[in-house]
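These notes are about the structure you will find just below.
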Amino acid sequence: MFPGLNALWCILLAWLIGSTPFSLLIARWMGGFDLRTRGSGNVGATNVARTMGTRWGLLALLLDALKGAMPAWGLPLLFQIPTESLTLVSVLTGVAAILGHMFPLWLRFRGGKGVATALGVVVVLAPSAMGCALAVFVVTFLISRVVSLASMAGAVAFAIAQISMQGAELWSPQQRALGIFSLAVPLLIIIRHRANIGRLWRGEEKPLQIRKPSAAAEHPAGSMESDHPDAA
């Protein structure tokens with residue numbers, strides 16, 4: 001197969017991998033409930049932590065990050081993408097994984113905010129800028145305890161760090177796809193948080209409160225708590 005078709009296979013498979021709802025599966029297999037009926041109703045790692053505890057939330061975060069990192073790194077190698085096309089195909093593959101999480105095939109295109117999956121992608125594509133973004137996320141979260149605010153701050157920090165570190169090189173023909181990625185994905189994450197932005201503006205966004213697993217189990221599977229949608 002010629003490289004163009006191989007690239008299409010990378011993108012398609014990345015989207016399917018990104019569509020895998022690990023948080024929903026963890027809640028169903030380990031908690032016995034539908035994550036969409038608990039906590040914020042969001043199918044992300046934050047809602048797993050909110051309803052099942054830190055241990056399961058971290059597992060969901062790791063799996064969501066891996067479904068971004070592994071396609072962006074592994075699929076271009078598996079399909080032997082030529083060196084001159086590697087950056088472009090890796091970026092497109094990573095974007096497809098993020099979009100798969102946001103618009104999953106298996107959940108009628110109703111997914112999470114894409115933060116954890118984007119984290120996995122940028123570990124592969126831009127690890128130095130990712131480190132800056134992660135530091136900003138952690139500091140913002142420790143101060144505010146609001147995941148959505150920390151996620152958006154981390155996304156903006158990633159864009160600023162990437163542009164600052166790479167400079168004009170980021171817009172060279174070889175790196176232009178990564179430059180567009182560095183602006184477009186943070187913007188997309190912020191757009192996905194538009195409801196959270198409204199609540200932040202009104203002072204209604206709630207800080208993350210992690211429920212102990214025993215307490216989470218007391219709620220029937222069809223119940224929905226009053227927490228706001230979270231970020232992951």
Review point. Taking the simple approach of a point 7 Å from Cα along Cα-to-Cβ for both M165 and L8, what is their distance in nm?
Key: 3.4 nm
Point to revise | Residue among V122, V146, V91 with the largest mean-square fluctuation in a Gaussian network model of the chain, springs linking Cα atoms under 10 Å | key: V146
Practice item. Would you grab the residues whose amide H sits under 5 Å from the one on G39? Only those 5+ places off in sequence or on another chain, please, with H modelled 1.01 Å from N. Key: E225
Point to revise | Rounded to whole Hz, the Karplus (6.51, -1.76, 1.60) HN-Hα couplings of the stretch 152-165, x for glycine and proline | key: 5, 5, x, 5, 5, 4, 4, 4, 5, 5, 5, 5, 5, 6
Check your understanding: Whose amide H sits under 5 Å from the amide H of G53, counting only residues 5 or more places off or on another chain, with H placed in the peptide plane?
Key -> R211
Practice item. Among A45, G32, L61, flag the residue with its Cα farthest along the positive direction of the charge dipole of the stretch 1-69, charges on Cβ as +1 for Lys/Arg and -1 for Asp/Glu. Key: G32
Check your understanding: Considering the zone a paramagnetic label at R55 would reach in this model (a point 7 Å from Cα along the Cα-to-Cβ line), which residues of the stretch 10-45 have amide N under 20 Å from it?
Key -> 22-35, 45
**Study point:** Given the chain, longest segment not containing exposed loop trypsin sites (Lys or Arg not before Pro) (DSSP; at most 13 other Cβ within 10 Å)
**Key:** 1-107
Exercise for review: Could you point to the label whose value was computed as Rg/Rh (Cα atoms, Kirkwood Rh) for the structure here, given (i) 1.11; (ii) 0.99; (iii) 0.93?
Suggested key: (ii)
**Study point:** Highest-fluctuation residue, G44, G31, G112 considered, GNM on the chain with Cα pairs under 10 Å
**Key:** G31
Check your understanding: Using helices alone, what [θ] at 222 nm do you get for the chain, with -39,500 (n - 2.57) per DSSP H run of 4 or more residues, divided over all residues and rounded to the nearest 500?
Key -> -21000 deg cm²/dmol
Check your understanding: Of the residues T83, T51, T37, which exhibits the maximal mean-square fluctuation in a Gaussian network model of the chain defined by a 10 Å Cα contact cut-off?
Key -> T83
Review point. Going toward the positive end of the dipole of the chain, with +1 on Lys and Arg Cβ and -1 on Asp and Glu Cβ, which of G111, W9, F137 do you reach last?
Key: G111
Practice item. Please give, to one decimal in nm, the separation of the simple spin-label points placed at F109 and I191, each 7 Å out from Cα toward the Cβ. Key: 1.4 nm
Exercise for review: Quick one: dipole size for the chain, taken about the Cα centre, charges +1 on Lys/Arg Cβ and -1 on Asp/Glu Cβ, in debye to the nearest 20.
Suggested key: 520 debye
Check your understanding: Once both labels are modelled 7 Å past Cα along the beta-carbon direction, what's the R28-L78 spacing in nm?
Key -> 2.2 nm
Practice item. Choose one of L125, A159, V146: the residue whose Cα lies farthest towards the positive end of the charge dipole of the stretch 120-205 (beta-carbon charges +1 Lys, Arg; -1 Asp, Glu; about the Cα centre). Key: V146
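A short reminder: the numbers here are calculations on the coordinates, not readings from a lab. Bear in mind the structure is a predicted one, so any value in this text is a computation, not a measurement. For neighbour counting, all protein chains shown are included, and Cβ atoms are generated from backbone atoms with ideal geometry for every residue, glycine included.
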